[in-house]
Amino acid sequence: MRQTFRKLGVVHDFQHMRPSGGLSSLCAVDHLRAFDDLLRDVLYGCRMLRRSPAYSLVIIGVLAVGIAANVIAFSLFKAVALAPLAGVERSGSLLYVGARERGGNVVPLSYPDYVDIRDRAFPGLGASAVQSLILTHRGAQLVQTELVTGNYFDVLQVHAEAGRLIAPGDASRRGQQPVAVLSDGLWQRSFGGDPAVIGTTIRINDHPLTVIGVANATFRGALVGLATELFVPLTLNDLLAGNTELGERNDRWVLAFMRPQPSMTRVQLEREATRASSALAREYPIPTLGSRAAIVPIWQWPFGAQSLMLPAVSLLNVMAALLLVVVAANVGGLVLVRSLARSGEAAARLALGATRGRILRQLLIESLVLAAPATIVGFLLPRTLQSFLGAAAANVSMPLFFNTEPDHLVVGFTLMLAIVSALVYGLIPALRLSRVDPAAVLKEELASSGIRNSRARSLLVVSQIALALVLLVGTALILRTLEAAQRANAGFDPQHVTWASFDVRAGGHDEASGRMLYPRLLDAVRADPGVSAASLAAWLPLTLIDWMSWNLEPDSRRLRDDEAHAFAVNVVSDGYFQTLAIPIVAGREFDETDTATGDLHIVVNETCARRFWATPAAAIGRTMSSGDRHWKIVGVARDIKYARLDEAARPYIYVLESQAYRPNLTLQVRARDDATAVLTRIRAHAAALDPSLTILQSGRMTDTLRSATSIYETLARMLTLVGVLAVAIAALGVYGLVAYTVKQKAHDIGVRTALGATRTTIAGHFLRQGARLALLGGAIGVLASLGVARLMARFLFGVATTDLASFTVATIVVIGLALIASLVPAWRAANGSPSASLRHQ
């Protein structure tokens, strides 16, 4: 170090440096000395660890997997709570504004309510709505689109990559030229990243829009988990969607958000929201709403992936933290063993005048030196596991995106893990060594110290086994949940069913021609000899969310204000229930007698019929009303799982497609044999009717059913990884403890062998030690697992919190591996050379 400074011409020798410059020079000398001491400690620590490569590599490897698991879990937590919107600064602090029903549920705003709340209370309130629209450019493609307000990009503080973004003038309703902004992904994929696209015209739902810009490459939209590909003014909704929702206060579909201003506290924001809500309630009363302006943090907002994933991701973070505790206990045990061997070194340094603080600092720096490469590996390892972790979402048809990319939050969290882990596993051994008595060491009076060290390691191993069992039980419960979900009866038969989505607007069809085209397509497909049934529907089942709901009133009684007035609705054609094999328990399903010009007919599910009319049979002929429209019930269908497999039974309404026209529908076909081959013939039938009638999306219903279990599958994959690592590390801890005990008692083994002890006796002695630890840790782990399983109840489906199979298998695996880990060093001890053991000191 001194040579380095000499070469730089800074100083010849710290001890001879004189503070000629007064107090500032003296401070500089002190800083240089401190830096010199720190660098010496780091270099000394590196040399000490280089002398024990096996020890160093084991600790680095164990720490790396523990840190990697936590980095993965934290990255997912960041993606749904802390920084969920990529390309948006401080997106975790965004506040959303919705309406709150009297029952407590938060719902979106209507567009008129949004405008009033913005103008009366929150000028910085932006908003958007999500729709799937058709982009016609070298063929038709479905693009996830956000219809946005004029201040949308300003509120989110997003900048343009090319051109400009939507401004307030573009979102006015005074005849402005329709405009659009592309995402970077859509720009690259469909337009080759050509800057000349700015100013050109594209067709969206067969309407011309001028491209004015491209959003920043990192920005993926304002809905957590969804990759938005196109942005258009929200005021174009009536034009593009063909409805008049902009002026309706009962149509709640606008997702409003704002950035909290530093000058306003949460109490002040709530006060402004209450004032605006009260004014709206007086001027435009809606009895079912308790609040017209409820403020909700983004992580509590019920629309987006965070509403589904945050509980599971939180559980994953807890499990990953427990794994890190197992890792720290294992590494702490290894460091404790090494500290015993270094007691002489510490005593010698103390005898030569080193302070206890200097020795403590040196040992803590060695722990940090070990943590540094483990941190680097742990930070990079999750990148190699992305394909493994992302495979579960492969069957989800929507373009998903989660902001899991490393950023300052992930880097800061990783560094914190490294420092905390190093302090946890390094502090106690360092304190022990810094307080060693040089006289006792010189007199070789370390026996009691060795005993205390062995007991401390035993406690660490027991804790590892207990925590590993907790993690493995949790993993087993989630795996059993996934198995139950995959075997669950969804209420319909997905086998041999293929689906294909169409939108007649891609070919320029209006409502009149669209009404004629879909029945012709249905007739052509039904006539195919390979098809046993076919139907149309607006939405497939089990798509995780309800896409449409209607406010309906049953004729049996008036709904209370605190009851749900909105019922989930699907628009279907005749033959729908036959195609999906959904039983009709009363009345009939839709048929050819139900026409667009006839009486308004609906089919309700069994839960709806029993809630309002006691029995399915009693519901036939009754009505549900919306305003001045009265829908007559002609059939009652058996309940199915509509959005999620774990949902509770709830009312559900089926409306006839010809009486509720939609330009975008999904064809569902039950094949007689191979469902995949039918898709080719569907494409041919559509092309024969109209070449512009292209399939936008397609798949098999079995894959759609699997996508409903994607959250369980992702959680199961992660917890399996965590559980396996925890058990392996616990087994390593048992092995290390027994191997260390064998080494310490090598002389005693030699004496026993010379006196006639058999190999079985010697091996059994050490195996019993490992067995006691395994059984004690297993017993503690089972008790802890019972408590943890109760906390996991909300994540379980079709599995009890006391599932015997999960507890039994986890216990057998953990204790079995611990016994195997004990047997290996015990067997080696029994088969060692007696003479070598007698010579061991």
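The values are calculated or read from the model by the stated rules, or taken from the named source; none is laboratory data. Just so you know, these numbers come straight off a predicted model, no measurement behind them. Heads up, the Cβs are rebuilt from the backbone with ideal geometry, glycines too, and the neighbour counts pull from every protein chain shown. Surface accessibility is based on the protein's heavy atoms, side chains included, excluding ligands, DNA and RNA. Shrake-Rupley method; radii C 1.70, N 1.55, O 1.52, S 1.80 Å.
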Matching option when the condition is more than 14 Å from Val97 (Cα to Cα) and either touching a Pro at 6+ places or on another chain (Cβ under 9 Å) or open to solvent by 50 Å² or more (accessible area, probe 1.4 Å) (or both), among Thr274, Thr228: Thr228
From the option list Leu125, Leu95, single residue qualifying as surrounded by fewer than 21 Cβ atoms within 10 Å (Cβ to Cβ) and at pLDDT 95 or above is Leu95
Give the residues of region 483-522 that are within 18 Å of Gln141 (Cβ to Cβ), of a type in the set (Gly, Ala, Ser) and not in a helix (DSSP H, G or I), sorted by residue number. Ala500, Ser501, Gly508
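Taking the conditions exactly as written (open to solvent by 20 Å² or more (accessible area, probe 1.4 Å), part of a helix (DSSP H, G or I) and modelled with pLDDT of 85 or more), does Thr720 satisfy them or not?
Values: open to solvent by 20 Å² or more (accessible area, probe 1.4 Å): yes; part of a helix (DSSP H, G or I): yes; modelled with pLDDT of 85 or more: yes.
Spelling it out, Thr720 is indeed open to solvent by 20 Å² or more (accessible area, probe 1.4 Å), part of a helix (DSSP H, G or I) and modelled with pLDDT of 85 or more.
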Scan (1) open to solvent by 70 Å² or more (accessible area, probe 1.4 Å); (2) at pLDDT 85 or above for the single condition Ala374 breaks and write down its number. (1)
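Considering only region 40-63, I want to know if a residue exists there that is charged (D, E, K, R) and part of a loop (DSSP other than H, G, I, E, B).
The answer is yes, given that some residue of region 40-63 is charged (D, E, K, R) and part of a loop (DSSP other than H, G, I, E, B).
Have a look at Val722, Val734 and point out the one that is among the β-branched types (Val, Ile, Thr) and within 18 Å of Ala774 (Cβ to Cβ). Working first, answer last.
Working: Val722 fails: within 18 Å of Ala774 (Cβ to Cβ).
Result: Val734 is the single residue among Val722, Val734 that is among the β-branched types (Val, Ile, Thr) and within 18 Å of Ala774 (Cβ to Cβ).
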So which residues in region 685-707 are in contact with an Asp or Glu (Cβ under 9 Å, 6 or more places away or on another chain) and assigned to a helix (DSSP H, G or I)? His685, Met701, Arg706
What residue, among those in region 590-609 that are modelled with pLDDT under 95 and among the charged types (D, E, K, R), is surrounded by the fewest Cβ atoms within 10 Å (Cβ to Cβ)? Glu592
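Scan region 191-201 for residues that are surrounded by 17 or more Cβ atoms within 10 Å (Cβ to Cβ) and in contact with a helix residue (DSSP H, G or I) (Cβ under 9 Å, 6 or more places away or on another chain) and jot them down.
From region 191-201, those surrounded by 17 or more Cβ atoms within 10 Å (Cβ to Cβ) are 191, 197-198; that's our starting set.
Correct list: Phe191, Val197.
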So, first residue in contact (Cβ under 8 Å) with a residue 60 or more places away in the chain in region 312-327, second residue open to solvent by less than 10 Å² (accessible area, probe 1.4 Å) and outside any helix (DSSP H, G or I), Cβ within less than 7 Å, six or more apart or across chains; the pairs are Leu315/Met792
Give the residues of region 526-570 that are of a type in the set (Gly, Ala, Ser) and either modelled with pLDDT of 90 or more or assigned to a loop (DSSP other than H, G, I, E, B) (or both), sorted by residue number. Ala527, Gly530, Ser532, Ala533, Ala534, Ser535, Ala537, Ala538, Ser556, Ala564, Ala568
Of the residues in region 498-524, those that are within 19 Å of Thr704 (Cβ to Cβ) and not acidic (Asp, Glu) number 5
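Only one residue in Ala648, Ala660, Ala688 is open to solvent by 40 Å² or more (accessible area, probe 1.4 Å), under 22 Å from Asn551 (Cβ atoms) and among the small types (Gly, Ala, Ser). Which one?
Values: Ala660 fails: open to solvent by 40 Å² or more (accessible area, probe 1.4 Å); Ala688 fails: under 22 Å from Asn551 (Cβ atoms).
Matching residue, one of Ala648, Ala660, Ala688: Ala648.
Return yes when Thr218 is more than 20 Å from Leu125 (Cβ to Cβ) and in a loop (DSSP other than H, G, I, E, B) and no when it is not.
yes
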Would you confirm, using the coordinates I've provided, whether Leu142 is under 16 Å from Leu234 (Cβ atoms) and either in a strand (DSSP E or B) or within 26 Å of the chain's Cα centre (by Cα) (or both)? no
Check Ala730 against each of (1) in a helix (DSSP H, G or I); (2) touching an Asp or Glu at 6+ places or on another chain (Cβ under 9 Å); (3) open to solvent by less than 10 Å² (accessible area, probe 1.4 Å) and name the one condition it does not meet. (2)
Would it be correct to say that Ala643 is among the hydrophobic types (A, V, I, L, M, F, W, C) and surrounded by fewer than 17 Cβ atoms within 10 Å (Cβ to Cβ)? no
Which one of Val799, Val814, Val788, Val782 is closer than 22 Å to Ala484 by Cα, in a helix (DSSP H, G or I) and not aromatic (Phe, Trp, Tyr)? Val788
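Before we move on, is Val824 at negative phi and modelled with pLDDT under 90? Give the derivation first.
Numbers: at negative phi: yes; modelled with pLDDT under 90: yes.
When the stated conditions are applied, Val824 passes them.
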